[in-house]
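Step one of this worksheet: look at the structure below.
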Amino acid sequence: MMEGSSEIMTLEETAKYLKIGKSTLYKMAREGKIPYVKIELGRNNKVIIRLPYNQELINKLKTISGRRWNPKEKYWEVPYDENLISKLQALFGENLVVDPYFYLMPLQKELLIRKYSKRTIKSYMKYNRDFLLFAGKKPEEIENDDIKKYLYYMVEQKKVATSTLNIVINALRFFYGEVLNKRFIYEVKRPKKDKKLPVVLSRGEVMKILQSPSNIKHKAILTLVYSAGLRVGEVVRLKPEDIDSDRKLIHIRGSKGRKDRYTLLSDIALKILTQVFHFL
């Protein structure tokens, strides 16, 4: 079952993808003369088809079985199948504009099979879609030079942080290396790590932060983050049964990488947690 994308191709993205001027495309849109047929991922195993009021294009679309017009959103819906793009390409030829999400279905499938988190799947799909929009190519047409141009664009134009650039490289490596088996992707070098000095707080500053919340639950969150080295997400998912007061341990379940672990429970944290769970 395919999942609907949270984004659709805007006119700006379409112009970039088709390599024509935005002003030209906007003018054509205002005049109702856009000859392009755009397809996007919908929900419930449906595909959204947007096209201008052109009787020739509409007649071609009506040859597809299961089609349905959505009068409220003003687009057509057709059932998804693996041969749909080929059918539409045969009908509309160069007039067809395919949202890159369609080409990323194998990526989404592989990520789901390997049980990657929803956050990672969303991130990998987004960056691979953005890259295909930038390159204006299908995945099988991508070459090493396309990757380098995109990374250069991200660094020089978008001014992304090193950490973000590494996520982009991870996303591209997974799709082109793990899914499409294109070995050139592994030639892409990672950026050098930033060497920044850590911000070190004094003991007094730490105590002020820990004592500042008046809400006992907020104080518990800060104390656990500091004393047990937990992520905020790990703290808010804790349950009473995760606290082992006898052994002074905290059981962290399903953390990053779907791993469980134990960490130390301080006396101060235990005292605050006793108050929190008492009021729950």
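The values are calculated or read from the model by the stated rules, or taken from the named source; none is laboratory data. What you see is a predicted model, and the numbers here were worked out from it, not measured in a lab. As a convention, Cβ positions derive from the backbone with ideal geometry for all residues, glycine included, and neighbour counts pool all protein chains shown.
Is there a residue being touching an Asp or Glu at 6+ places or on another chain (Cβ under 6 Å), in a helix (DSSP H, G or I), of a type outside the set (D, E, K, R) and not assigned by TED's automatic domain parsing to the domain that holds residue 254 anywhere in the stretch 175-185? Give the steps one after another, and end with the answer.
To start, the set of residues in the stretch 175-185 that are touching an Asp or Glu at 6+ places or on another chain (Cβ under 6 Å) comprises 179.
With the extra rule that they be in a helix (DSSP H, G or I), the set shrinks to 179.
Next, only the ones that are of a type outside the set (D, E, K, R) stay: 179.
Okay, now just the ones that are also not assigned by TED's automatic domain parsing to the domain that holds residue 254, so 179.
Yes, the stretch 175-185 contains a residue that is touching an Asp or Glu at 6+ places or on another chain (Cβ under 6 Å), in a helix (DSSP H, G or I), of a type outside the set (D, E, K, R) and not assigned by TED's automatic domain parsing to the domain that holds residue 254.
Please verify whether the stretch 63-80 includes one or more residues that are at pLDDT below 85 and either among the charged types (D, E, K, R) or in the same structural domain as residue 179 (by TED's automatic domain parsing) (or both).
no
Name every residue in the stretch 95-121 that is among the charged types (D, E, K, R), part of a helix (DSSP H, G or I) and touching a residue at least 12 places away in the same chain (Cβ under 8 Å), in order of residue number.
110
What pairs can you find where one residue is in the stretch 250-278 and touching a residue at least 12 places away in the same chain (Cβ under 8 Å), the other is of a type in the set (Phe, Trp, Tyr) and surrounded by 12 or more Cβ atoms within 10 Å (Cβ to Cβ), and their Cβ atoms are less than 8 Å apart, with a gap of 6+ or different chains?
Close Cβ pairs (under 8 Å, with a partner that is of a type in the set (Phe, Trp, Tyr) and surrounded by 12 or more Cβ atoms within 10 Å (Cβ to Cβ)) amount to 250/262; 252/262.
I'd like to check something: does the stretch 215-228 contain any residue that is more than 30 Å from residue 120 (Cβ to Cβ) and of a type in the set (Gly, Ala, Ser)?
Looking for residues that are more than 30 Å from residue 120 (Cβ to Cβ) and of a type in the set (Gly, Ala, Ser), one finds none in the stretch 215-228, hence no.
Please indicate, with yes or no, whether at least one residue in the stretch 145-158 is within 30 Å of residue 195 (Cα to Cα) and outside any helix (DSSP H, G or I).
yes
Restricting attention to the stretch 175-210, which residues are of a type outside the set (D, E, K, R), more than 18 Å from residue 148 (Cβ to Cβ) and touching a helix residue (DSSP H, G or I) at 6+ places or on another chain (Cβ under 8 Å)?
Of the stretch 175-210, the ones of a type outside the set (D, E, K, R) are 175-177, 179-181, 184-186, 188, 191, 197-202, 204, 206-207, 209-210.
Then keep just the ones that are more than 18 Å from residue 148 (Cβ to Cβ); that gives 179, 181, 197-202, 204, 206-207, 209-210.
Of everything in the stretch 175-210, those that are of a type outside the set (D, E, K, R), more than 18 Å from residue 148 (Cβ to Cβ) and touching a helix residue (DSSP H, G or I) at 6+ places or on another chain (Cβ under 8 Å) turn out to be 179, 201, 206, 209, 210.
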